[in-house]
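Enquirer: First the structure, then my questions, so here it is.
The values are calculated or read from the model by the stated rules, or taken from the named source; none is laboratory data. Note that the structure is a prediction, hence the values are computed from the model and not measured. Cβ placement follows ideal geometry from the backbone for every residue including glycine, while neighbour counts extend to all protein chains displayed. Calculation scope for accessible area: heavy atoms of the full protein, side chains included, ligands and nucleic acids excluded. Shrake-Rupley method; radii C 1.70, N 1.55, O 1.52, S 1.80 Å.
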Amino acid sequence: MSGRLPVAIDPLRFAETGRRLEGRLLLGGFDRLAPLLSDTTGEIEVELEFGIDDMRVPFLSGHIQGHLRLTCQRCMEPMDYEVDSHFILGLVQSDYEADGLREDYEPLLVGDEPMVLADIIEDELILTLPIVPSHELSACPVTTHVTDSSTENTADEAVNPFAVLSELKKGKTDKPRS
Ligand SMILES: [Zn+2]
């Protein structure tokens, strides 16, 4: 099923012929993405479908899926990040065409020259990344070290009213007995 992805594509021609592509790209091959990764091993799964929609607009519909390792900007340790992203690119040949695109299309400016497929995928990958990658608060080593006591206090405070209530109830029930 998963064939090889071509290096260069002609998006408009692929749209006319309803071409479908499926394959994998190595994360290490993305020069702009690589500095954002703490580990560039692994690959990204790519499914692409080219076509022409009801409004006669050529499009590229894609799904990218993979496992990235980013650097948490709070503790600077590696963090796992799952990519599972769908996108639709409207293939346009001018800014005027881009302005006329449906809301849910991102414009992809295409010309007569073949395009490097990995560049398009890399753009989409970078778009899916968080602006400031960071662990969940509870999973970040820095946070757990620095605010361990304060989070425990918060938890205690949340529990305390009930503890106090139950103490009061005990006191009330105890008093008549004594
Ligand atoms: Zn962290």
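Condition check ((1) at pLDDT below 95; (2) aliphatic (A, V, I, L, M); (3) under 22 Å from residue 93 (Cα atoms)) across all residues:
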site	(1), (2), (3)
5	yes, yes, no
13	no, no, yes
16	no, no, yes
23	no, no, no
36	yes, yes, no
45	no, no, no
53	no, no, yes
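Enquirer: Collect the residues in the stretch 76-94 that are under 10 Å from the mean Cα position of the chain (by Cα) and within 16 Å of the ligand (Cβ to nearest atom), keeping them in residue-number order.
Expert: Scanning the stretch 76-94 gives a single hit, 81.
Enquirer: Test residue 60 against the stated conditions and say whether it is in contact with a Phe, Trp or Tyr (Cβ under 8 Å, 6 or more places away or on another chain), crowded, with 18+ Cβ neighbours inside 10 Å and more than 22 Å from residue 131 (Cβ to Cβ).
Expert: For residue 60, the condition - in contact with a Phe, Trp or Tyr (Cβ under 8 Å, 6 or more places away or on another chain), crowded, with 18+ Cβ neighbours inside 10 Å and more than 22 Å from residue 131 (Cβ to Cβ) - is met.
Enquirer: Can you tell me which residue among 47, 22 is assigned to a strand (DSSP E or B) and under 18 Å from the mean Cα position of the chain (by Cα)?
Expert: Values: 22 fails: under 18 Å from the mean Cα position of the chain (by Cα).
Being assigned to a strand (DSSP E or B) and under 18 Å from the mean Cα position of the chain (by Cα) holds for just one of 47, 22, which is 47.
Enquirer: Another question, if that's okay. In this structure, does residue 129 turn out to be among the aliphatic types (A, V, I, L, M), touching a strand residue (DSSP E or B) at 6+ places or on another chain (Cβ under 9 Å) and within 16 Å of the ligand (Cβ to nearest atom)?
Expert: Against the criterion (among the aliphatic types (A, V, I, L, M), touching a strand residue (DSSP E or B) at 6+ places or on another chain (Cβ under 9 Å) and within 16 Å of the ligand (Cβ to nearest atom)), residue 129 qualifies.
Enquirer: In the stretch 6-19, is there at least one residue being open to solvent by 50 Å² or more (accessible area, probe 1.4 Å), closer than 16 Å to residue 126 by Cβ and in a strand (DSSP E or B)?
Expert: Looking for residues that are open to solvent by 50 Å² or more (accessible area, probe 1.4 Å), closer than 16 Å to residue 126 by Cβ and in a strand (DSSP E or B), one finds none in the stretch 6-19, hence no.
Enquirer: With the structure loaded, tell me whether residue 100 is open to solvent by less than 100 Å² (accessible area, probe 1.4 Å) and at pLDDT below 95 or whether it fails that test.
Expert: yes
Enquirer: Can you confirm whether the stretch 118-125 contains a residue that is of a type outside the set (Gly, Ala, Ser), assigned to a helix (DSSP H, G or I), away from the ligand (no atom under 11 Å from the Cβ) and open to solvent by 50 Å² or more (accessible area, probe 1.4 Å)? If you could, list the steps in order and put the result at the bottom.
Expert: To start, the set of residues in the stretch 118-125 that are of a type outside the set (Gly, Ala, Ser) comprises 119-125.
This time we only want the ones that are assigned to a helix (DSSP H, G or I), so: 119-125.
Of the ones still in play, those that are also away from the ligand (no atom under 11 Å from the Cβ) are 119-125.
Now drop any that are not open to solvent by 50 Å² or more (accessible area, probe 1.4 Å), which leaves 119, 123.
Yes - at least one qualifying residue is present in the stretch 118-125.
Enquirer: Let me ask something else. As an exercise: evaluate residue 91 against (1) closer than 16 Å to residue 123 by Cβ; (2) in a helix (DSSP H, G or I); (3) open to solvent by less than 90 Å² (accessible area, probe 1.4 Å) and give the number of the one condition it does not meet.
Expert: Against the list (1) closer than 16 Å to residue 123 by Cβ; (2) in a helix (DSSP H, G or I); (3) open to solvent by less than 90 Å² (accessible area, probe 1.4 Å), residue 91 comes up short only on (2).
Enquirer: Moving on to the next point. For residues that are within 16 Å of the ligand (Cβ to nearest atom) and charged (D, E, K, R), scanning just the stretch 51-75, find the one that is farthest from residue 27 (Cα to Cα).
Expert: Going through the qualifying residues, I end up with 74.
Enquirer: Exactly one of these conditions fails for residue 103: (1) in a loop (DSSP other than H, G, I, E, B); (2) without any contact (Cβ under 8 Å) to a residue 40 or more places away in the chain; (3) touching a strand residue (DSSP E or B) at 6+ places or on another chain (Cβ under 6 Å). Give me its number.
Expert: (3)
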